[in-house]
Amino acid sequence: MQLRRMILGAWVVAAVLWLASAASAGGLNLAWNNCASEGGVQARLSDCLSNSGSNTLTGSFVPLHDITGVTGIEIVLDFIVGDGVSPIPPWWEMNGVGSCRQGSLTSNGIVNSANTLCGDWADGAALGGLAAYNGVSIGGKGNPLNWPARRTAVLGYAVAAENAADLSSTQEYFVFNLVIQNVKTVGAGACAGCLQPACIVINSMNLVPGVNAGQLIGSGTSAGSNFAIWQTSAPNCSLVPTKHSSWGAVKQLYR
């Protein structure tokens, strides 16, 4: 009997440790309106009947392991629209001179002040935003047939050295809001394609601790947690290549 109790006790301890490990698994999260742990949702359905207002995607992460002295975070998101093969609709051309909805995609690092589970990694000290949004394939990743339907966004946020952050692998951290404005959706001069379904993926985050080696995170905290869907019947999110192995390839998008 004593042996059975010891075995049962050991099993319970192991199960608790496994559950704790699973609950704090490192990775990426993407949701509409707020961090997923704060009530954000994976799918957003729009009637595309207004030029006012906006749609906000929130990105967060759990470190793969504890990391100290983080002064910057670099983020790559991929968009795949429509059938995943046809050229991207004008509504999704949101940045760059001459694009149909130039300036309608922005990013900020303002955390929801009501958050209790998903706090700001930089404690309000981060500066940065959208660095690039274009159709260049990072390092030639993915099927070239999908490239016309894809766009890649690069974001960057940083703090001064005196505000360097020590981050825990048991905590979820807010990083950014990516804001899609509704301008030029209907009426004269409208850009077609708002109703086209899309899949948006946080492809990677690079946590940069000053001059030391960074921590590159390339998958969700759980299956699909780094995906967000626009409309219904979104393209196959697996068409988006994941886990970029080299940050140098991402920097091609800045040029």
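Condition first: surrounded by 16 or more Cβ atoms within 10 Å (Cβ to Cβ) and modelled with pLDDT of 60 or more. Now tell me which residues in the stretch 135-148 satisfy that.
The answer is G135, N146, W147.
Matching residues to (1) of a type in the set (S, T, Y); (2) over 18 Å from M94 (Cβ atoms); (3) surrounded by fewer than 20 Cβ atoms within 10 Å (Cβ to Cβ); (4) without any contact (Cβ under 8 Å) to a residue 12 or more places away in the chain:
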{"residue": "A192", "(1), (2), (3), (4)": "no, no, yes, no"}
{"residue": "S204", "(1), (2), (3), (4)": "yes, yes, no, no"}
{"residue": "G214", "(1), (2), (3), (4)": "no, yes, yes, no"}
{"residue": "N236", "(1), (2), (3), (4)": "no, yes, yes, no"}
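For the stretch 37-61, give me each residue that is surrounded by fewer than 24 Cβ atoms within 10 Å (Cβ to Cβ) and not in a loop (DSSP other than H, G, I, E, B).
S37, E38, V41, A43, R44, S54, N55, T56, L57, listed by residue number.
Taking the residues in the stretch 101-125 that are more than 25 Å from W230 (Cα to Cα) and without any contact (Cβ under 8 Å) to a residue 40 or more places away in the chain as candidates, determine which candidate is surrounded by the fewest Cβ atoms within 10 Å (Cβ to Cβ).
Top of the filtered list is S113.
Quick one: Q171 ticks every box in (1) polar (S, T, N, Q); (2) over 24 Å from W230 (Cα atoms); (3) more than 18 Å from the chain's Cα centre (by Cα) bar one, so which box is it?
(3)
For G98, state whether it is in contact with a strand residue (DSSP E or B) (Cβ under 9 Å, 6 or more places away or on another chain), surrounded by fewer than 15 Cβ atoms within 10 Å (Cβ to Cβ), on the phi > 0 side of the Ramachandran plot and not in a strand (DSSP E or B).
Spelling it out, it is not the case that G98 is in contact with a strand residue (DSSP E or B) (Cβ under 9 Å, 6 or more places away or on another chain), surrounded by fewer than 15 Cβ atoms within 10 Å (Cβ to Cβ), on the phi > 0 side of the Ramachandran plot and not in a strand (DSSP E or B).
Restricting attention to the stretch 172-183, does a residue exist that is more than 22 Å from L117 (Cα to Cα) and assigned to a loop (DSSP other than H, G, I, E, B)?
Scanning the stretch 172-183, I find at least one residue that is more than 22 Å from L117 (Cα to Cα) and assigned to a loop (DSSP other than H, G, I, E, B), so the answer is yes.
Answer with yes or no whether L64 is touching a residue at least 24 places away in the same chain (Cβ under 8 Å), crowded, with 23+ Cβ neighbours inside 10 Å and in contact with a Ser or Thr (Cβ under 8 Å, 6 or more places away or on another chain). Outline the logic, then answer.
Numbers: touching a residue at least 24 places away in the same chain (Cβ under 8 Å): yes; crowded, with 23+ Cβ neighbours inside 10 Å: no; in contact with a Ser or Thr (Cβ under 8 Å, 6 or more places away or on another chain): yes.
Answer is no for this residue.
The rows are residues; the columns are (1) polar (S, T, N, Q); (2) modelled with pLDDT of 95 or more; (3) in contact with a helix residue (DSSP H, G or I) (Cβ under 8 Å, 6 or more places away or on another chain).
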residue: G193; (1), (2), (3): no, yes, yes
residue: L207; (1), (2), (3): no, yes, no
residue: A213; (1), (2), (3): no, no, no
residue: W230; (1), (2), (3): no, yes, no
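Being surrounded by fewer than 18 Cβ atoms within 10 Å (Cβ to Cβ) and either under 28 Å from N115 (Cβ atoms) or small (G, A, S) (or both) narrows it down to one of G82, G69, so name that one.
It is G69.
Out of curiosity, is G27 modelled with pLDDT of 95 or more, at positive phi, of a type outside the set (S, T, Y) and exposed (fewer than 14 other Cβ atoms within 10 Å of the Cβ)? If you could, list the steps in order and put the result at the bottom.
Values: modelled with pLDDT of 95 or more: yes; at positive phi: yes; of a type outside the set (S, T, Y): yes; exposed (fewer than 14 other Cβ atoms within 10 Å of the Cβ): no.
Answer is no for this residue.
In the stretch 69-88, what residues are farther than 25 Å from S225 by Cβ and at pLDDT 95 or above?
Across the stretch 69-88, the qualifying residues are G69, T71.
The values are calculated or read from the model by the stated rules, or taken from the named source; none is laboratory data. Every value quoted in this text rests on a predicted model; they were computed, and no experiment measured them. Every residue, glycine among them, receives a Cβ derived from its backbone with ideal geometry; neighbour counts consider all protein chains shown.
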